[in-house]
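Take a look at the structure set out below.
The values are calculated or read from the model by the stated rules, or taken from the named source; none is laboratory data. In this text, all values refer to a predicted model and were calculated from it rather than measured experimentally. A quick note on method: Cβ atoms are made from the backbone with ideal geometry, for glycine too, and the neighbour counts reach across all protein chains shown.
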Amino acid sequence: MKLSLTRQALVLVALSLLPAVGEAIYFRGKISWQSPIPPSELVSVDQARTWGENVIWVDARPDAEFARDHVPGALSLNEDRWNELLPEFVASWSPGKKVVVYCSAESCDLAREAAERLRKEAQIPDVFVLEGGWEAWLKKNR
Amino acid sequence: MNQTSNVQRPTGINREQALNAEVSADGAASNIKYRRSNILWRIVDFGVAGIFIYAGALKMLDPVQFAHDVKNFQILPWPISVALAFYLPWLEILCGVGLVFRLFYRGALCILSALIVVFTLATAAAKLRGLDITCGCFGHASQHWSFPAHLATNLGILAALLALWFSHRLARYVGEALPGTP
């Protein structure tokens, strides 16, 4: 093709749009454009409180942060010691119980990753991510 | 004696023939050299294209994870991370295919070079800000790569792309200078 460099690049840029749009349509139900976590997987502090005893709180932050402070009764389950901590979590879980995972703030990704691993690897249903994370919990409990 | 002197001192026509033979032998040797180096550059083409097609395919198969990987760099807002997660893998794949089939070749080289520079700068910026992130460049395969490994891979790919760029320019020049070369 005897096109100029700019035209060649523009053709490639434009051509890539077509399959990308197709894929975006195909995955429309699996990803939200508004929030990294689909609204159906998020839970607010207030809503999680209404579940009372029927909830297991999971702290996905590193050990040091968990040791400093955490939601009362929360279990630590972080990526660094996943295999070591998972049996303890599984032992305290029973069918019908809801699981709320949190990390430090809205922007952190640890809670989402832990929640996804619990759903996929441990086959645990009803796993939610706390909206706003530990920061949101602190705001509501000060 | 005459015969000997004819051999040692060729006539005008013989001399022209000998000169032509010499030039054509030189040309043939250059052609062989050129084709050999051309094969080598095609191998580099395929190598670089393979890397981008593989990386693009991995990301294209799991755009949700790639969107999170882009978001983790904390440079772009979430909706743009999602848009890039759908778009970038296809751009990489099409440019890789462009290198393999020599379609929009210079455009593909230019885009891939720009992409690798942007990826490298983003990785370096994340490192400087102390972010512990997965680049997501090669899906889960690159999940535990260290920063130096990322940097070395990116710089190696950039060097290969630049070499391809210069070899392409040189090939065009040689193609015009040497008869019988593409």
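Brief remarks follow.
- The condition of being more than 7 Å from every other protein chain (Cβ to nearest Cβ), of a type in the set (Gly, Ala, Ser) and part of a helix (DSSP H, G or I) holds for B:ALA85.
- Qualifying residue in the stretch A:90-105 (condition: within 14 Å of chain B (Cβ to nearest Cβ) and of a type outside the set (A, V, I, L, M, F, W, C)): yes
- Identity of the residue in the stretch B:123-143, at pLDDT 70 or above and buried (at least 18 other Cβ atoms within 10 Å of the Cβ), that ends up nearest to the other protein chains (Cβ to nearest Cβ): B:ALA126
- Restricting the stretch A:1-31 to residues that are facing another protein chain (nearest Cβ under 7 Å) and either acidic (Asp, Glu) or loosely packed, with under 13 Cβ neighbours inside 10 Å (or both), the residue that is nearest to B:LEU61 (Cα to Cα) is A:GLU23.
- Checking each residue in the stretch A:32-63 for being facing chain B (nearest Cβ under 7 Å) and crowded, with 18+ Cβ neighbours inside 10 Å picks out only A:PRO36.
- Across the stretch A:78-97, the number of residues qualifying as within 15 Å of the chain's Cα centre (by Cα) and more than 15 Å from A:ARG61 (Cβ to Cβ) comes to 0.
- Flag for A:GLN34 being out of contact with any strand residue (DSSP E or B) (no Cβ under 8 Å at 6 or more places or on another chain) and either over 21 Å from A:ASP109 (Cβ atoms) or in contact (Cβ under 8 Å) with a residue 12 or more places away in the chain (or both): no
- Screening the stretch B:25-55 for residues that are among the aliphatic types (A, V, I, L, M) and at pLDDT 90 or above and picking the one that is nearest to B:GLY98 (Cα to Cα) gives B:ALA49.
- Some residue of the stretch B:92-108 being more than 10 Å from chain A (Cβ to nearest Cβ), assigned to a helix (DSSP H, G or I), touching a Gly at 6+ places or on another chain (Cβ under 8 Å) and of a type in the set (Gly, Ala, Ser): yes
- Among (1) within 14 Å of chain B (Cβ to nearest Cβ); (2) charged (D, E, K, R); (3) touching a Phe, Trp or Tyr at 6+ places or on another chain (Cβ under 7 Å) - the single one A:ASP80 does not satisfy: (3)
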